[in-house]
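First up is the structure itself, then whatever we jot down about it.
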Amino acid sequence: MSEEPITKADAIASSLQPLAAAELARVASEKDQPRVALSVAANLAGGESLLWIGRPSERVIRGYWAFAAACMIGLTPLLYLAIERGRGPLTIAGLLLAMAVPPVWAAWKQALVRHTTYELTTERLRVTHGILSLEVDDVELYRIKDIHVRQPLLQRVCSLGSIVIWSSDVTLPRCRIHAQPIGVVRELREQIRLLSEDLRDRKVVRNST
């Protein structure tokens, strides 16, 4: 076997280690440290190295709440007019319900963001998520077929982006790293691409089209 793939993998791992140390310290200091520690320990088993660990950015939460506030402010004049013109109770109740939906939606999205963790190792990407129940999804890097970056309007306003990964995994063909700073998104996309190519070369694997 040629030594070039191993050298490439070592170079990739070394370029990601400073980011991993900073992110690991930040995540480990938060309240669900036992869950994160358990997940990291599982990743390191069998010779894997943890390269990066992160969560969706808190900036996207502020975006959710700003959107919810804008919806409520927009509905307030309609509610005032309905009361002023003596509309029926069903109309008023419907408007009140419509005003209650945005903050509930924002609170749910906030809970999802704060209960999601991403871990990149030398062999896989692991996504841990769930509010009432916990789910752990793994994507083997050598199975990755395509990677692209998305910036929906809300994330673009917050200078964030998401990485969407398509793989040949039957149970998880699509995976997403959600709401990361755009600089981190571009770096991670390139690093994941290089790692997946390196692993395919080492395992002599070629994804079917």
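The values are calculated or read from the model by the stated rules, or taken from the named source; none is laboratory data. Only a predicted model underlies this, so the values are computations on that prediction, with no experimental measurement involved. Ideal geometry is used to build each Cβ from the backbone, glycine not excepted, and the neighbour counts take in all protein chains shown.
One residue stands out in the range 80-120 among those that are part of a helix (DSSP H, G or I) and of a type in the set (Lys, Arg): the one that is nearest to the chain's Cα centre (by Cα), namely 114. Can you name every residue in the range 168-186 that is among the small types (Gly, Ala, Ser) and closer than 20 Å to residue 142 by Cα? Matches in the range 168-186: 168 only. Checking residue 140 against (1) touching a Lys or Arg at 6+ places or on another chain (Cβ under 6 Å); (2) over 30 Å from residue 174 (Cβ atoms); (3) not small (Gly, Ala, Ser), which single condition isn't satisfied? Exception for residue 140: condition (2). On the given criteria, is residue 174 among the charged types (D, E, K, R) and loosely packed, with under 15 Cβ neighbours inside 10 Å? Considered against the rule, which asks whether it is among the charged types (D, E, K, R) and loosely packed, with under 15 Cβ neighbours inside 10 Å, residue 174 comes out as yes. Would you mind stating whether residue 136 is surrounded by fewer than 18 Cβ atoms within 10 Å (Cβ to Cβ), at pLDDT 90 or above and not small (Gly, Ala, Ser)? When the stated conditions are applied, residue 136 passes them.
The condition of being at pLDDT below 90 and among the hydroxyl-bearing types (Ser, Thr, Tyr) does not hold for residue 76. Among the residues of the range 69-90, write down those that are farther than 30 Å from residue 154 by Cα and surrounded by 15 or more Cβ atoms within 10 Å (Cβ to Cβ). Passing the criteria: 82, 87.
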